[in-house]
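Undergrad: The structure is given below, and queries will be raised subsequently.
Just so it is clear, none of the values below were taken in a lab; they were calculated from the coordinates. The shown structure was predicted, so the numbers you read here are calculated from the model rather than taken from an experiment. Methodologically, a virtual Cβ is constructed for each residue, glycine included, from the backbone with ideal geometry; neighbour enumeration extends over all protein chains shown.
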Amino acid sequence: MTEVILTISSKNYSSWSLRGWLLCRMAGLDFVEEVVPVEDPANRAELLLLSPSILVPCLTHEGIRVWDTLAIAEYLNEIKPEAGLLPKARAARARCRSICGEMHSGFANLRSALPMNLKAHHPGFKIWSGAQADIDRITTIWRECFAEHRGPYLFGKLTMADAMYAPVATRFLTYDVKLDRDCAGYCDRILALPDMTAWREAALAEPDELEELDMEF
Ligand SMILES: N[C@@H](CCC(=O)N[C@@H](CS)C(=O)NCC(=O)O)C(=O)O
């Protein structure tokens with residue numbers, strides 16, 4: 001049987017790698033990780049061979065390459081329908097896909113002003129208004145989900161939406177973002193998932209941070 005490979009990069013900085021990896025874990029996929037540090041030019045050439053977009057994550061399954069996180073989520077849902085990556089009800093599925101899409105294509109201010117960095121902690125971090133607007137939109141999305149599905153996750157059970165928003169929970173912790181009780185509780189539950197603690201441990205064990213990577217990537 002051919003090996004199932006998930007190509008990712010830094011566990012400390014790469015929020016899209018985290019999303020892809022969590023999706024594979026949630027799907028119950030048996031896969032191996034291929035970690036390619038993207039800052040090294042030699043590795044960029046290697047990455048081009050592995051991922052046509054030169055972006056990670058990229059999933060290789062039965063000789064099929066799937067790059068782009070949303071495509072990976074939908075592909076996993078196809079091959080592992082029993083994992084419930086999408087909610088059962090059509091209306092909830094539509095909302096789930098919509099909020100995943102919103103994360104995938106939006107929140108540029110949050111991403112550039114509060115880049116994922118699991119090793120960092122910035123108590124009292126000053127959040128500018130553009131990033132605050134993104135935070136307000138995200139917490140509104142979350143509160144609407146809690147009102148409809150009553151937790152503990154966005155659609156009751158874990159779905160692809162929780163994987164898409166998991167890096168946001170890490171950013172809220174890193175940058176000391178003030179949250180209401182429901183949103184703070186949700187972040188705590190996401191950060192306490194065994195897969196999240198395993199990812200964090202591996203991120204903390206990575207070689208020292210590179211200053212130029214303290215930005216969205
Ligand atoms: N829309 C893409 C975004 C992927 C992305 O931006 N990946 C970043 C890592 S978080 C990357 O590979 N950057 C490579 C580089 O900057 O060289 C997806 O959904 O997978």
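Undergrad: Taking amide hydrogens as modeled 1.01 Å from N in the peptide plane, which residues meet the under 5 Å criterion relative to PHE155, leaving out close sequence neighbours?
TA: Long-range HN contacts for PHE155: none found.
Undergrad: Springs between alpha-carbon atoms under 10 Å, Gaussian network over the chain: tell me which of SER53, SER14, SER129 tops the mean-square fluctuations.
TA: Largest GNM mean-square fluctuation: SER129.
Undergrad: Need one word for the chain: rounded, prolate or oblate. Basis is the Cα gyration tensor (sqrt eigenvalues a ≥ b ≥ c); a/c below 1.5 gives rounded, then a/b vs b/c decides.
TA: It comes out oblate by the Cα gyration axes.
Undergrad: Let me ask you something else. With the Cα gyration tensor of region 130-169 giving a ≥ b ≥ c as the square roots of its eigenvalues, does the rule (a/c under 1.5 for rounded; else a/b larger than b/c for prolate; else oblate) give rounded, prolate or oblate?
TA: oblate
Undergrad: Longest segment of the chain with no trypsin sites (Lys or Arg not before Pro) in a DSSP loop having at most 11 other Cβ atoms within 10 Å?
TA: For trypsin sites (Lys or Arg not before Pro) (loop position, at most 11 other Cβ atoms within 10 Å), the longest site-free span of the chain is 1-87.
Undergrad: For GLU34, what residues show an amide H to amide H distance below 5 Å, using hydrogens built from the backbone and excluding near sequence neighbours?
TA: When sequence neighbours closer than 5 places are left aside, the close amide H contacts are LEU6, THR7, ILE8.
Undergrad: Which whole-number value in Å³ per residue fits the convex hull of the alpha carbons of region 59-177?
TA: Cα-based convex hull of region 59-177, divided per residue, equals 116 Å³.
Undergrad: Related question: Any of LYS119/LYS157; LYS88/LYS119; LYS88/LYS126; LYS11/LYS178 with alpha carbons more than 32 Å apart? Name them for me.
TA: The pairs that break the limit, which is 32 Å between Cα atoms, are LYS88/LYS119; LYS88/LYS126.
Undergrad: With contacts defined as alpha carbon pairs under 8 Å and 6 or more residues apart, what's the relative contact order of the chain in percent?
TA: Once divided by the residue count of the chain, the mean separation gives 25 percent.
Undergrad: Moving on to the next point. If I model a spin label as a point 7 Å beyond the Cα along the Cα-Cβ vector, how far apart are those points for ALA120 and THR197 in nm?
TA: About 2.6 nm, to one decimal.
Undergrad: Let me ask something else. In a GNM of the chain with a 10 Å cut-off on Cα contacts, which of ILE79, ILE54, ILE135 has the highest mean-square fluctuation?
TA: Maximum among the listed residues: ILE79.
Undergrad: Along region 113-122, what does the Karplus equation 6.51 cos²θ - 1.76 cosθ + 1.60 (θ = phi - 60°) give for ³J(HN,Hα), rounded to whole Hz, x for Gly and Pro?
TA: 7, 10, x, 5, 7, 5, 7, 8, 8, 10
Undergrad: Can you work out ³J(HN,Hα) from phi for every residue in region 157-170, in order, using Karplus 6.51 cos²θ - 1.76 cosθ + 1.60 and θ = phi - 60°, giving whole Hz and x for Gly and Pro?
TA: 7, 4, 9, 4, 5, 5, 5, 5, 9, 4, x, 5, 4, 5
Undergrad: Would you kindly calculate the mean projected area, averaged across all directions, of the convex hull enclosing the Cα atoms of region 144-204, in square nanometres?
TA: Seen from a random direction, the Cα hull of region 144-204 projects 4.2 nm² on average.
Undergrad: With θ set to phi - 60°, apply the Karplus curve 6.51 cos²θ - 1.76 cosθ + 1.60 along region 132-149 and write out the HN-Hα couplings as whole Hz, x wherever there is a Gly or Pro.
TA: Each residue of region 132-149 in turn: 5, 4, 5, 4, 4, 5, 5, 5, 5, 4, 4, 4, 4, 5, 4, 5, 7, 10 Hz.
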